[in-house]
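Below is one structure, written out as structure tokens, with a few remarks after it.
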Amino acid sequence: MDRKVWGKVFDKQTLMVLLRLFNKGIFDRLEGEISGGKEARVFMATNDEPLAVKLYRVEAPAFETIWKYLKGDPRYSNIGKNRRTVIELWVRKEFSNLSRMYAAGVSVPRPYAFHANVLVMGCVGGENPAPQMKHLKGVQRSEELFDELVSQVERTYQVARLVHADLSEYNVLMEDGRPVLIDVGQAVDIRHPRADEFLRRDLTNLANFFKRPESEVEALVKRVKGRETGEETGE
């Protein structure tokens, strides 16, 4: 039988991973929890600046969803269904996606390190973690903010060659009025067979939140995709 998972996150192997990252100087202190969900919990950590440490649950109930996103991505093959192996591959994928998006100039947390089921990145908002975009009301949901988000989706597609695939008001943080895209583990290469479907879903979610007519979505898709080239980025 598998060893008992302590608190669904802090199993012995996860504790060893945290110790490894600590010994490498990635962070010097792990502090309170920032957020928690079905798949992972995020904790504040410190070094020269505030960091966010994301610990994926090996026994995540959303395992099947995670596996499906990996299966269709051309960057990964022969995935199998061993839980720990799949979760660790998912963390590698999220770090890869973050790195591609950050290098492309997309507004995402800065990636720092990963190992096994743990991902370390910059903490959006610093010592006072930034709130989700879902909390914006009325006039705060401005035309300028909507256009900026579509521009971020466009840069993700055209420069990073990725589609976020889970973009909504829940996966955008507001830092000093600036949107920051988070939770990019689901992001897929634009060669993914469902990339167009995911792109339309992302843009539909944004249109709905900003109370824009869904009839605009196709025009937004064309804007985001622009003049596609045959040049693609590997991992």
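Which of rounded, prolate or oblate describes the stretch 112-235 when judged by the alpha-carbon gyration tensor and an a/c cut-off of 1.5?
Details: a/c = 1.99, a/b = 1.04, b/c = 1.92.
In terms of gyration-tensor shape, oblate.
In whole Å, how far is the Cα centre of the stretch 81-113 from that of the stretch 126-199?
For the stretch 81-113 versus the stretch 126-199, the Cα centre distance is 16 Å.
Give the calculated FRET efficiency between ARG141 and GLU197 to the nearest 0.05, with a Förster radius of 25 Å applied to their Cβ-Cβ distance. Kindly include the intermediate steps, with their values, before the conclusion.
Numbers: r = 25 Å, r/R0 = 1.01.
So the FRET efficiency works out to roughly 0.50.
Putting +1 on Lys and Arg Cβ atoms and -1 on Asp and Glu Cβ atoms, find which of ASN205, VAL17, LEU98 reaches farthest to the positive end of the dipole of the chain.
VAL17
Tell me, in nm to one decimal, what length is gained between TYR170 and LEU30 on full extension, where the rule is 0.36 nm per residue of separation less the Cα-Cα distance? Please list the in-between numbers first.
Values: separation 140, 0.36 × 140 = 50.40 nm, distance 2.46 nm.
Residue separation times 0.36 nm, minus the Cα-Cα distance, leaves 47.9 nm.
Please rank ILE66, ILE182, fewest neighbouring Cβ atoms within 10 Å first, as an exposure proxy. Let's see the in-between values first.
On the way: ILE66 20, ILE182 25.
Fewest-to-most ranking of ILE66, ILE182: ILE66, ILE182.
Report, in debye and to the nearest 20, how large the dipole of the chain comes out about its Cα centre when Lys and Arg carry +1 and Asp and Glu carry -1 on their Cβ. Provide the component values of the computation, followed by the final result.
Details: 37 positive and 35 negative charges, 176 e Å.
So the magnitude is around 840 debye.
May I ask you to derive the relative contact order of the stretch 7-122, considering only C-alpha pairs under 8 Å and at least 6 residues apart, and to give it as an integer percent?
On the way: 178 pairs, mean separation 28.1, N = 116.
Once divided by the residue count of the stretch 7-122, the mean separation gives 24 percent.
Report, for the stretch 7-122, the % of DSSP beta bridges that are antiparallel, rounded to 5.
Just about 100 percent of them are antiparallel.
With label points built 7 Å along Cα→Cβ from the Cα atoms of SER151 and GLU64, find their separation and express it in nm.
Reported label-point gap for SER151 and GLU64 is 4.2 nm.
Put a dot 7 Å past each Cα toward the Cβ at ASN128 and GLU216; how far apart are the dots in nm?
3.1
Could you give me the ³J(HN,Hα) list for the stretch 180-196, computed from phi with Karplus coefficients 6.51, -1.76, 1.60 and θ = phi - 60°, whole Hz, x at Gly and Pro?
10, 7, 10, 6, 9, x, 6, 3, 10, 4, 5, 7, 4, x, 10, 4, 5
Report the charge-dipole magnitude of the stretch 7-122 in Debye, nearest 20, computed about the Cα centre from +1 at each Lys and Arg Cβ and -1 at each Asp and Glu Cβ. Present the calculation step by step, with values, prior to reporting the outcome.
Values: 19 positive and 12 negative charges, 95 e Å.
The calculation lands at about 460 debye.
Report, in degrees rounded to the nearest 10, the 0 to 90 angle that the Cα long axis of helix 83-103 makes with the longest principal axis of the chain.
Between helix and principal axis, roughly 50 degrees.
Using +1 at the Cβ of each Lys and Arg and -1 at the Cβ of each Asp and Glu in the chain, identify which of VAL86, TYR69, VAL163 lies farthest towards the dipole's positive end.
About the Cα centre, the residue reaching furthest to the positive side is VAL86.
Here, each number is a calculation from the coordinates, and none is a lab measurement. Note that the structure is predicted; figures quoted are calculated from it, not measured. Positions of Cβ are backbone-derived with ideal geometry, glycine not excepted, and every protein chain shown enters the neighbour counts.
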